[in-house]
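The structure appears below as structure tokens.
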Amino acid sequence: MKYLDPKADLTFKKVFGEHQDLVISFLNALLPFENEEEEIKSVEYLSPELVPLNPLKKDSIVDVRCKDGLGRQFIVEMQMMWTPEYKQRVLFNASKAYVSQLGKSRHYELLQPVYSLNLVNDVFCDGDEYYHDYRIVEVAETKEVIEGLRFIFIELPKFTPKSYGDKRMQVLWLRYLTEIDEDTREVPKELLDNPEIGKALEEVEESAFTEEELLGYDHFWDMLGASRLLMIGSIRRGLKEGMEKGMEKGMEKGLKEGLEKGMKEGMEKGMEKGMEKGLEKGLEKGRAEGMREMIARMRERGQSVSRISELTGIPENEVDDMIRNQER
């Protein structure tokens, strides 16, 4: 049996955007519910497109969006590459879902919570913890929480199954996302024996997809790989250039100080400071160049401005500016 990677855009939306029982199990396993009464019993799928009330404002599209019988909304996103802007995008989408609940005649007490669950196939925090739970909290004294928005980020590369304990389904679902891909030939028995995971495995069998869908699946990975290579290459070039300029500037400063305090001491301090500054500038310039090259490549492949914004996390107006500058 050959499988497709469930983290890809096509497969992730098929598994969790078309099967209510699977997204219920997934959310109950990964969201920080404290007891069975909080768990989701049923869901209704909502449009993944979050359209603003003002047509001149920015709209956005998420991977999966649904609500339960209590009116709570759940947004699920699979993010393959981390960008510094991603947290702002998550906040933007969850806030839009929250405020869209009320019309002019409805009261604030009718607002229901919005949970944003974000699976990130990248590392963005120091330390070994893979599960991050964000809430609006009073910091200094009471630690009181303002309910309404809750954000969960999971760093998939950090996940390692240690002990099942009371989080058995969480471990199984995360193993499904991290262990199943095109190289899988034998699925672990613990995954096959679970009804929900077993059904999710059937949904990503290669034989379940059309030729057109498989071409789209391959295109997704081609685009992702090209984006990673462009970004890495640009960062390296920027680092090298920044280090060379920084070292040159640092040596000049060191020579000047050396006339006053001694040539040896001045050169050492100047080179150290210059390398530090060069590294910082190189990283910044490399990332900017990488983003510009990545956007140019995506436009060559026919991607729309809104789709580029969705994949990269860069606001549409900034994507427009970059494209216009490249076309001049």
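Quick notes on this structure:
- The label point for R135 and the one for V99, both projected 7 Å from the Cα toward the Cβ, are 2.4 nm apart.
- Gain upon complete extension [T160, I146; 0.36 nm per residue less C-alpha separation]: 1.8 nm
- Note that region 1-154 presents 53 Å² accessible area per residue, ligands and nucleic acids not counted, probe 1.4 Å.
- Applying 1/(1 + (r/R0)^6) with r as the Cβ-Cβ distance of E212 and R292 and R0 = 25 angstrom yields a FRET efficiency of 0.20.
The values are calculated or read from the model by the stated rules, or taken from the named source; none is laboratory data. In this text, all values refer to a predicted model and were calculated from it rather than measured experimentally. Don't worry about glycine lacking a Cβ; one is built from the backbone with ideal geometry, like all the others, and counts go over all protein chains shown. Just so you know, the surface numbers come from the protein's heavy atoms only, side chains and all, with ligands and any DNA or RNA stripped out. Shrake-Rupley method; radii C 1.70, N 1.55, O 1.52, S 1.80 Å.
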